[in-house]
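Worksheet: one structure, shown below.
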Amino acid sequence: MFILLLPAGKGSHVELGIALSLEKRVYIYSAEQIEPTTASTFYFVDGVQRFNGEMDDFIGKIGFDNT
């Protein structure tokens, strides 16, 4: 599993590419809506799940207990 927290730097996007090539589950979190016109194409490939909103909701969605 690979989790990318936005905003993120270029190094994290290299790691995203590695995770995709290894066919890892990829989750991307952003507090704001991810805009397809300005975001990386890799955010929208098969196997990438995007989430925006509250961090606690994201944690619940991916199955981590935040206690």
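Side notes on the structure shown:
- Short-range pairs are left out: with C-alpha atoms under 8 Å and at least six residues apart, the relative contact order of segment 5-67 is 31 percent.
- Signed unit charges on C-beta, dipole axis of the chain, positive-most listed residue ASN52, ALA39, VAL14: VAL14
- Going by accessible surface with a 1.4 Å probe and the largest first, ILE18, ILE62 read ILE18, ILE62.
- Per residue, the chain reaches -9000 deg cm²/dmol at 222 nm when only DSSP H runs of four or more residues are counted, each adding -39500 (n - 2.57).
- According to the Cα-based calculation, Rg over Rh for the chain is 0.95, with Rh computed by the Kirkwood formula.
The values are calculated or read from the model by the stated rules, or taken from the named source; none is laboratory data. From a predicted model like this one, the values you see are computed outputs, not experimental measurements. Every residue, glycine among them, receives a Cβ derived from its backbone with ideal geometry; neighbour counts consider all protein chains shown. Accessible surface is based on the protein model in full, side chains and every heavy atom, while ligands, DNA and RNA are left aside. Shrake-Rupley method; radii C 1.70, N 1.55, O 1.52, S 1.80 Å.
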